[in-house]
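Values in this text are rule-based calculations from the coordinates and carry no lab data. Everything numeric in this text was worked out from a predicted model, so none of it was measured. So basically every Cβ, Gly included, is an ideal-geometry build from the backbone, and we count neighbours across all protein chains shown.
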Amino acid sequence: AKAAGGGRRHWFDPALDRAADETAHLSADLRRALAQEEMLVLFQPIVDLRTEATVGAEVLVRWQHPERGLVSPDVFVPLAERNGVIVELGYWVLEHACRHAAAWQVRYGDRAPTKISINVSARQLAQPDFVERVEKVVRETTVDARALVLEVTETAVFSTDVAIPQLTALRKLGLKVALDDFGTGHSSLSLLIDCPVDVLKVDKSFVSGPTADGAGAIITRNLIGFVNDFGIEAVAEGIETRVQAAWLRRAGYRLGQGYLFGCPMPAADLERRFAPPKED
Ligand code: C2E
Ligand code: CA
Ligand code: CA
Ligand code: CA
């Protein structure tokens, strides 16, 4: 990184220089980490707000770094997006998620969770062979694709022309599409018309707003009517308190996710939530 215009770096704050070095290290480390199985996936429950039964889960990646400990995806996902590692990392996450989902489908049949939600980055969505590779993972893991949801952001959808045709093709294979972080950035309702969407994930900034009873509350309340009229589902994200859950339920939200119902957890812990109690 120092090769081009390296001399000029002397003018910068050495602390900033160190931070840039760290970032470069971490970025290079990502390739090694994937090969050496330092990555793991956790599952955060998605629940029915009335019964609090677990109906699905969002798959969230973690990096267990040998020296740094647990590195947050908020740190390494953007780095992986920049250096391209996100493409392979994304398929790695997908494959692990599908293997678990397939095993649950065999073991629990109708009681196995649906809505196994997998985050897809902009870079991944832009790959011309995205549909082919997802199809291959589905085939090889023998998972019922109807239980899978691909979470994309509006930015990812708009960053490439192939996004909408690819998502349309994947829906034909039975997968569902969720629009993630709805309500942040410049997300617009018009995307729901242009983009093939099955699920709207309403961002936590909206979900935590309602208790203050301001504009956020009005939008959150009206959004659900819109969602119902479009025949899609909504998942309220980042629910942390009983007050928020009750408010959202009254506003008409059926599905929710957040620390109140469960933090991201290993597959075995999620499984315990939908497995029936053992007879003895
Ligand atoms: P996201 O897709 O919006 O995921 C939800 C984030 O909110 C997760 O953070 C989750 O742990 C956190 N969260 C859940 N419930 C609560 C709550 O009640 N309160 C608060 N404050 N936060 C809550 P996490 O796991 O650190 O992931 C951060 C972001 O990293 C994700 O945001 C997503 O953009 C990205 N990410 C994570 N895993 C993957 C992946 O496999 N692929 C890609 N492309 N991105 C991923
Ligand atoms: Ca997500
Ligand atoms: Ca989200
Ligand atoms: Ca986010």
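A compact table of results
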quantity	calculated
Residue, nearest to Arg249 (Cα to Cα), within the stretch 56-74, restricted to residues that are away from ligand 2 (no atom under 16 Å from the Cβ) and either without any contact (Cβ under 8 Å) to a residue 12 or more places away in the chain or surrounded by fewer than 17 Cβ atoms within 10 Å (Cβ to Cβ) (or both)	Leu70
Set Thr114, Thr51: member being more than 16 Å from ligand 3 (Cβ to nearest atom), within 30 Å of Gln244 (Cβ to Cβ), surrounded by fewer than 22 Cβ atoms within 10 Å (Cβ to Cβ) and under 19 Å from the mean Cα position of the chain (by Cα)	Thr114
Per-region count, the stretch 112-123, residues part of a helix (DSSP H, G or I) and touching a strand residue (DSSP E or B) at 6+ places or on another chain (Cβ under 9 Å)	1
Residue in the stretch 128-151 that is within 16 Å of ligand 4 (Cβ to nearest atom), under 19 Å from Ile232 (Cα atoms) and part of a helix (DSSP H, G or I) present	no
Residues located in the stretch 160-202, provided they are within 14 Å of Val134 (Cβ to Cβ), among the hydrophobic types (A, V, I, L, M, F, W, C) and within 16 Å of ligand 3 (Cβ to nearest atom)	Val177
The stretch 224-254 - residue that is of a type in the set (Gly, Ala, Ser) and within 18 Å of the chain's Cα centre (by Cα) and, of those, nearest to ligand 1 (Cβ to nearest atom)	Gly238
All positions within the stretch 233-255 that are of a type in the set (Asp, Glu) and surrounded by 15 or more Cβ atoms within 10 Å (Cβ to Cβ)	Glu233, Glu237
Candidate set from the stretch 49-83 (those that are of a type in the set (D, E, K, R) and touching a Ser or Thr at 6+ places or on another chain (Cβ under 8 Å)); member that is nearest to Val199 (Cα to Cα)	Glu58
Extreme residue, surrounded by the most Cβ atoms within 10 Å (Cβ to Cβ), among residues of the stretch 121-153 that are under 14 Å from the mean Cα position of the chain (by Cα) and of a type outside the set (Gly, Ala, Ser)	Leu148
Residue match in the stretch 101-108 (condition: over 17 Å from the mean Cα position of the chain (by Cα), over 23 Å from Phe158 (Cβ atoms) and not in a helix (DSSP H, G or I))	no
Counted residues, the stretch 75-100 - those being away from ligand 4 (no atom under 15 Å from the Cβ), surrounded by fewer than 20 Cβ atoms within 10 Å (Cβ to Cβ), part of a helix (DSSP H, G or I) and free of Cβ contacts under 8 Å to residues at least 40 places away in the same chain	0
